[in-house]
Amino acid sequence: MSDANPNPEKPLFEAVITPHRSLSARGFLLVMSLIAGISFISGLAFWMIGAWPVVGFFGLDVALIWFAFRANYRAARVREIVSVNHDRLRIERTDTKGRRRRVEMNPYWTRLEAERDEEFGMLGLSVTSHGTSERVGDWLSPPERETFAKALSKALHDARNTIPA
């Protein structure tokens, strides 16, 4: 056993996991501008040939797409924080409404269980202790989940085998 971590309150490991969002705020503005521009030009063409009621549907399409993107960005506020100290493993989840749920386990009794597929790699990762099981890293891709599992496994090992100061 070694005295590797001089501050017992400082986490040996901490990871913040959020869902991947490929469209930035600037990209969102660009996409919405493009959709609005195409809808405006198309609506103008229909207006000029006398089919003016169609213009409202083009506006409705833009509004619905905007609301769908906003709901997607609201869903992106969820997060999962996994941290390991000498005396506890903490999993804290925040949902889309900002509500938090925390699960704590003793790292000495905690083990990792991986669900694997030969073709796709690690499909799921669970942290298990005393009959309680919590899935972690569901938003990660299989290669990212593998890396996360290795780092978490090392942190659990370190928590078991070091003496806090």
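Values quoted throughout were computed directly from the atomic coordinates according to the rules given, and no laboratory measurement underlies them. Everything quoted here is computed from the prediction, not taken from an experiment. Note that each Cβ is placed from the backbone with ideal geometry, even for glycine, and that neighbours are counted across all protein chains shown.
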HN-Hα J in Hz across segment 128-140 - Karplus 6.51, -1.76, 1.60, θ = phi - 60°, x for Gly and Pro: 10, 7, 6, x, 9, 10, 10, 6, 9, x, 5, 7, 7
Eligible lysines near residue 10 by straight Cα distance, threshold 21 Å, same-chain separation 8 or greater: 150, 154
The chain - mean residue ellipticity at 222 nm from DSSP helices (-39,500 (n - 2.57) per run, n ≥ 4, rounded to 500): -14000 deg cm²/dmol
Selected from 41, 81, 49 as most flexible by GNM, with the chain as the system and alpha-carbon contacts under 10 Å: 49
Full-stretch length increase - residue 73, residue 30 - with 0.36 nm per residue and alpha-carbon distance subtracted: 13.9 nm
The chain, relative contact order [Cα under 8 Å, separation at least 6], %: 29 percent
Which of 45, 81, 131, positive extreme of dipole for segment 43-165 (C-beta unit charges): 81
Residue among 46, 69, 28 with the largest mean-square fluctuation in a Gaussian network model of the chain, springs linking Cα atoms under 10 Å: 46
Global size of the chain as Cα Rg and Dmax, reported in angstrom: 23.9, 83
Candidates 72, 106, 85, ranked by Gaussian network fluctuation over the chain, Cα under 10 Å, top entry: 72
Distance (nanometres) between label positions extended 7 Å along Cα→Cβ at residue 111 and residue 49: 6.9 nm
